[in-house]
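Following: one structure in structure tokens, then a few remarks.
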């Protein structure tokens with residue numbers, strides 16, 4: 001396997017390959033253009049996202065600034081919303097479903113490094129894909145680590161560090177992130193603590 005193949009193999013490789021660095025430069029150029037668009041340039045942002053990402057669905061909005069290692073390894077579904085300072089460490093694939101909401105300052109990191117210092121000194125790295133289901137909400141300042149899958153409809157509480165898979169239809173919080181409870185009838189009546197939905201939105 002060459003270095004690019006090893007990037008997607010979940011095996012350790014050395015990321016000092018100059019050809020990879022040159023390819024990443026292309027991503028950084030597009031990111032620069034995206035992050036320097038004016039608020040009124042919505043159409044331009046949409047076109048730049050189509051250039052940057054592997055795929056991007058309809059009615060997607062990303063608030064600048066955005067950071068990405070590659071861009072082209074990120075796959076985004078329909079009706080996606082990301083608040084400012086989303087960081088995509090997409091050295092391998094990130095799959096994001098439909099109707100996903102991401103709060104400010106969230107990091108999705110597919111890449112890791114060996115704990116052994118000799119390997120790290122040689123810039124060793126491994127990458128494992130991240131999968132985010134449909135209708136997921138990831139709260140502000142959360143970090144999703146390599147290899148994690150988050151199931152449909154799940155809410156990840158603000159400030160969580162997601163180290164393991166989280167099932168569908170739950171609220172999960174903490175460091176490390178753990179399931180707090182299932183989403184259920186209570187959530188049809190209350191939107192925040194003891195705050196009830198009123199008739200205007202039912």
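The values are calculated or read from the model by the stated rules, or taken from the named source; none is laboratory data. Computed from a predicted structure; not experimentally measured. Note that we place each Cβ from the backbone using ideal geometry, even for glycine, and neighbour counts take in every protein chain shown.
A few comments on the model shown:
- Residue tally, condition at negative phi, touching a helix residue (DSSP H, G or I) at 6+ places or on another chain (Cβ under 7 Å) and part of a loop (DSSP other than H, G, I, E, B), over segment 46-71: 5
- Residue 92 fulfils the conditions (1) out of contact with any strand residue (DSSP E or B) (no Cβ under 8 Å at 6 or more places or on another chain); (2) buried (at least 16 other Cβ atoms within 10 Å of the Cβ); (3) assigned to a loop (DSSP other than H, G, I, E, B) except for a single criterion, (1).
- Considering residues of segment 27-41 that are surrounded by 12 or more Cβ atoms within 10 Å (Cβ to Cβ) and either modelled with pLDDT under 90 or not in a helix (DSSP H, G or I) (or both) only, the residue farthest from the chain's Cα centre (by Cα): 41
- Residue match in segment 139-146 (condition: touching a helix residue (DSSP H, G or I) at 6+ places or on another chain (Cβ under 7 Å) and surrounded by 14 or more Cβ atoms within 10 Å (Cβ to Cβ)): no
- First in segment 152-168 and on the phi < 0 side of the Ramachandran plot and modelled with pLDDT of 95 or more, second anywhere and surrounded by fewer than 15 Cβ atoms within 10 Å (Cβ to Cβ) and not in a loop (DSSP other than H, G, I, E, B), Cβ under 8 Å, 6 or more apart: 157/180; 166/179; 167/179
- Unique match (being surrounded by 15 or more Cβ atoms within 10 Å (Cβ to Cβ), modelled with pLDDT of 95 or more and closer than 26 Å to residue 6 by Cβ) among 52, 66, 20, 48: 52
- Taking the conditions (1) more than 22 Å from residue 160 (Cα to Cα); (2) part of a loop (DSSP other than H, G, I, E, B) in turn, residue 105 satisfies each one other than (1).
- Check on residue 180, more than 27 Å from residue 67 (Cα to Cα) and part of a strand (DSSP E or B): yes
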